[in-house]
Amino acid sequence: MIDDIIKDAEQRMDKSLVALDTAFKKIRTGRAHPSLLDTIMVPYYGADTPLNQLANVTVEDGRCLVVVPWERKLISEVERAIMKSDLGLNPSNNGESIRVPMPALTEETRREYTKQARSEAENARVAIRNIRRDANGDIKDLLKEKAISEDDQRRAEERIQKLTDKFIAAVDASYGVKESDLLSM
């Protein structure tokens, strides 16, 4: 029972970490990276489809992405979807591919993106702490039902706390990498 609760908490904390990484991908740095466009959805035969399933996205140089749709008729749709995204990018097409230049970041936008990254990291920490609270509540419920002893409860809560500390450290490390990436260049 206790192992199931801890395993569930670990899986949920891992999902929080994955969600943080996804949120960090949306925060643009000065460099071009294909994952920057992963969240863009393009209308394709009546359904919104992720851009990376409709086109090949490559880095031309350090500051420019090239998007080559697999069907030529999609070029205008892809270009429109990139413009509508909240990334602040201005694509241009040449009839066969779309070039997406990355504008240089000013000091002000770097600070703004750093604040956004800090906020996302704090949201991930809060989510992990909430998962810890839920797991500890489940352990206390088992104690109330007399399914486990107080010693088992104490040991389980210590394991949950160690797990929480591990994931909080992972969030801090991920934020540190993103922050240094944003402030460099």
Worksheet item: Can you name the residue in segment 1-28 that is farther than 20 Å from ILE160 by Cα and hydrophobic (A, V, I, L, M, F, W, C) and is also surrounded by the most Cβ atoms within 10 Å (Cβ to Cβ) among such residues?
Response: LEU20
Item to complete: Tell me which residues, restricted to segment 19-52, are without any contact (Cβ under 8 Å) to a residue 12 or more places away in the chain and closer than 30 Å to ALA104 by Cβ.
Response: SER35
Worksheet item: Looking at this structure, is ALA147 touching a residue at least 60 places away in the same chain (Cβ under 8 Å), touching an Asp or Glu at 6+ places or on another chain (Cβ under 8 Å) and surrounded by 11 or more Cβ atoms within 10 Å (Cβ to Cβ)?
Response: no
Worksheet item: Just to be sure, is GLU122 surrounded by fewer than 16 Cβ atoms within 10 Å (Cβ to Cβ) and farther than 25 Å from ARG12 by Cα?
Response: no
Item to complete: Say whether the condition of being modelled with pLDDT of 90 or more and within 15 Å of MET1 (Cβ to Cβ) is met by at least one residue in segment 111-121.
Response: no
Practice prompt. Name every residue in segment 16-65 that is over 13 Å from LEU87 (Cβ atoms), acidic (Asp, Glu) and within 14 Å of the chain's Cα centre (by Cα), in order of residue number.
Written response: ASP21
Item to complete: Exactly one condition in (1) surrounded by 13 or more Cβ atoms within 10 Å (Cβ to Cβ); (2) among the basic types (Lys, Arg); (3) within 21 Å of ILE128 (Cα to Cα) is not met by ARG31; state its number.
Response: (3)
Fill in: Conditions (1) under 21 Å from the mean Cα position of the chain (by Cα); (2) outside the structural domain of THR58 (by TED's automatic domain parsing); number of the one not met by ILE82
(2)
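The values are calculated or read from the model by the stated rules, or taken from the named source; none is laboratory data. All of these numbers come straight from a predicted model, not from anything done at the bench. Virtual Cβ from ideal backbone geometry, glycine too; neighbours counted across all protein chains shown.
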